[in-house]
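Novice: Got a structure for you, questions after.
The values are calculated or read from the model by the stated rules, or taken from the named source; none is laboratory data. All values reported here derive from a predicted model rather than from experimental measurement. Cβ: placed from backbone, ideal geometry, glycine included. Neighbour counts: every protein chain shown.
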Amino acid sequence: MRKALTIAGSDSGGGAGIQADLKAFAALGVYGTSAITALTAQNTLGVQAVYPVDPEFVGHQIDSVMSDIGADAAKTGMLFSAAIIEVVAERVRRWNIEALVVDPVMVAKSGDRLLQEEAIDALKRAIIPLAYVITPNLGEASVLAGFEVSDKPAMQEAARAIHALGARIVVVKGGHLTDCADDLVYDGSAMRWLPGEHIDTPHTHGTGCTFSAAIAAFLARGYAPFEAIVRAKDYLTAALRAAQPLGAGHSPVHHFHAYYPMD
């Protein structure tokens with residue numbers, strides 16, 4: 001049985017965070033485990049409160065999973081603080097987690113901050129050098145690269161800058177581009193564009209979490225990185241197409257679209 005670990009925050013609304021990750025893992029045939037970094041009071045309208053988990057306890061969760069169940073791949077999502085980042089980085093090294101997908105979560109779709117400002121340097125220094133694949137959106141790429149990223153030429157420059165921080169493969173997501181939804185994949189030598197289309201739906205909650213979790217799932221199943229990324233993008237696109245209204249805000253994607261309709 002293939003296994004994947006998510007190290008991320010909890011979304012009480014079930015559309016993002018570890019809940020989205022575990023749904024994606026299950027939908028893609030991978031056994032999912034989790035280490036929770038923060039609790040959020042959250043729904044489709046936004047994040048009402050954040051309660052970070054004690055960093056030492058985050059480490060205990062990772063130890064419990066890795067010492068018994070193990071993981072063929074892992075992903076990080078919301079890490080919130082520099083202290084949590086340091087513990088996660090130490091555990092990734094201790095347990096020799098090589099297939100690590102880093103979703104550099106900074107701000108929720110509602111605009112609520114999920115990474116403390118002072119933790120950005122720790123993310124760059126401690127986590128990104130451990131990333132097998134990193135998946136920033138345009139806003140996150142702007143913060144990591146140090147300049148505004150809003151078009152394809154800037155995406156290419158940002159990919160080079162983020163790769164220089166130590167990540168092996170950089171996926172700059174183009175979902176916020178105005179004319180398309182193409183993603184850029186850069187491995188330090190070649191840049192490849194993944195064509196994408198804007199899906200006409202407001203139901204986009206958890207897209208970043210789902211995409212990075214899907215990459216981790218396909219890596220856990222033994223796919224090569226680029227193939228895992230392509231398959232993850234196809235999975236997310238189908239999940240966006242199948243999304244249905246839930247709540248009064250941005251509804252989540254439909255993780256199990258291949259198995260049943262959402263009425």
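Novice: Applying the selection to the range 131-140, what residues are under 15 Å from I120 (Cα atoms) and over 13 Å from the mean Cα position of the chain (by Cα)?
Specialist: The one that is under 15 Å from I120 (Cα atoms) and over 13 Å from the mean Cα position of the chain (by Cα): G139.
Novice: Looking for something under 15 Å from A214 (Cβ atoms) and β-branched (V, I, T) - is there at least one such residue anywhere in the range 61-72?
Specialist: no
Novice: Then there is this: For the range 137-149: of the residues being free of Cβ contacts under 8 Å to residues at least 40 places away in the same chain and part of a helix (DSSP H, G or I), which is nearest to K233 (Cα to Cα)?
Specialist: L138
Novice: Output the number of residues of the range 231-249 satisfying the condition of being of a type in the set (D, E, K, R) and either closer than 15 Å to D200 by Cα or crowded, with 24+ Cβ neighbours inside 10 Å (or both).
Specialist: Going through the range 231-249 one residue at a time, the tally reaches 1.
Novice: What strands (runs of 3 or more DSSP E), lying completely within the range 1-84, carry at least 3 residues that are among the polar types (S, T, N, Q), in contact with a Gly (Cβ under 7 Å, 6 or more places away or on another chain) and over 19 Å from F256 (Cα atoms)?
Specialist: Fully inside the range 1-84 and qualifying: 31-43.
Novice: Can you name the strands (runs of 3 or more DSSP E) wholly within the range 150-256 that have at least 1 residues being over 18 Å from the mean Cα position of the chain (by Cα)?
Specialist: 191-194
Novice: Starting from the range 178-202, take each residue that is under 24 Å from A161 (Cα atoms) and list its partners that are of a type in the set (G, A, S) and modelled with pLDDT of 95 or more, counting only C-beta distances under 6 angstrom and pairs at least six apart or across chains.
Specialist: As it stands, the answer is L184/A159; Y186/A159, since those pairs meet every condition given.
Novice: For D121, only one of the following conditions fails: (1) free of Cβ contacts under 8 Å to residues at least 60 places away in the same chain; (2) surrounded by 19 or more Cβ atoms within 10 Å (Cβ to Cβ); (3) over 25 Å from A228 (Cα atoms). What is its number?
Specialist: Failed condition: (2).
Novice: Sticking with this one: Could you tell me whether the range 164-174 includes any residue that is more than 19 Å from A74 (Cα to Cα), of a type outside the set (G, A, S), without any contact (Cβ under 8 Å) to a residue 40 or more places away in the chain and surrounded by fewer than 23 Cβ atoms within 10 Å (Cβ to Cβ)?
Specialist: No - not one qualifying residue is present in the range 164-174.
Novice: Still on this model: Return the only residue of P195, P252, P225 being buried (at least 24 other Cβ atoms within 10 Å of the Cβ) and touching a strand residue (DSSP E or B) at 6+ places or on another chain (Cβ under 9 Å).
Specialist: Sole residue among the options that is buried (at least 24 other Cβ atoms within 10 Å of the Cβ) and touching a strand residue (DSSP E or B) at 6+ places or on another chain (Cβ under 9 Å): P252.
Novice: If you go through the range 142-159 one residue at a time, do you hit one that is among the small types (G, A, S), in contact with a strand residue (DSSP E or B) (Cβ under 7 Å, 6 or more places away or on another chain) and under 24 Å from G17 (Cβ atoms)?
Specialist: Looking through the range 142-159, none of the residues is among the small types (G, A, S), in contact with a strand residue (DSSP E or B) (Cβ under 7 Å, 6 or more places away or on another chain) and under 24 Å from G17 (Cβ atoms).
Novice: Could you identify the single residue in M106, M78 that is in contact (Cβ under 8 Å) with a residue 24 or more places away in the chain, out of contact with any helix residue (DSSP H, G or I) (no Cβ under 6 Å at 6 or more places or on another chain) and within 23 Å of R125 (Cβ to Cβ)?
Specialist: Only one candidate passes the filter, namely M78.
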